[in-house]
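Note sheet for the following structure.
Each value in this text was obtained by applying a stated rule to the coordinates, not by laboratory testing. Remember, predicted model here, so these are calculated numbers, not experimental data.
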Amino acid sequence: MHKDSGHNSDLGIMLNASDTGGLMLNISKDVIIGIAGFTLQNVSGVKSPTKTIKVDREQDQVSLDLGLTISYGANLLKLCSEVQRSVAENIELMTGLKVRAVNVTVQSVVE
């Protein structure tokens, strides 16, 4: 995070000065992807957490599209729900951004 002159870059997410105690912060999409990736490493049943992670933003809100490889035998509904909850919670806690959606696509299943 760094002080910015107020320009909005496609590489990051600008937070208003009023939201951050007077500082202008630019949170890179790579930071959001990193938080999502680290979170997925801690969800039991997710085998390949970084197959696809896409971030879309609109001001102080983000949406994520995740493509996952999961373990054979995992309960898909329970696992995907846990992924959505964990990723949204960590991004909101660590960045202060509002997560609009975490869309999960199971791309493959492995033993």
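Kirkwood hydrodynamic radius, computed over distinct alpha-carbon pairs, for the range 20-105: how many Å, to one decimal?
Values: mean 1/r = 0.0757 Å⁻¹.
Result for the range 20-105, one decimal place: 13.2 Å.
List the residues, sorted by chain then number, that are 5 or more residues from residue 43 or on another chain and whose placed amide H is less than 5 Å from its amide H.
The list, which skips near neighbours in sequence, is empty: none.
Along the range 83-94, what does the Karplus equation 6.51 cos²θ - 1.76 cosθ + 1.60 (θ = phi - 60°) give for ³J(HN,Hα), rounded to whole Hz, x for Gly and Pro?
Going residue by residue, I get 4, 4, 5, 5, 5, 4, 4, 5, 5, 5, 5, 7 Hz, with x marking Gly and Pro.
Give the long-range amide H neighbours of residue 109: residues separated by 5 or more places, or on another chain, with amide H under 5 Å away, using H modelled in the peptide plane at 1.01 Å from N.
70
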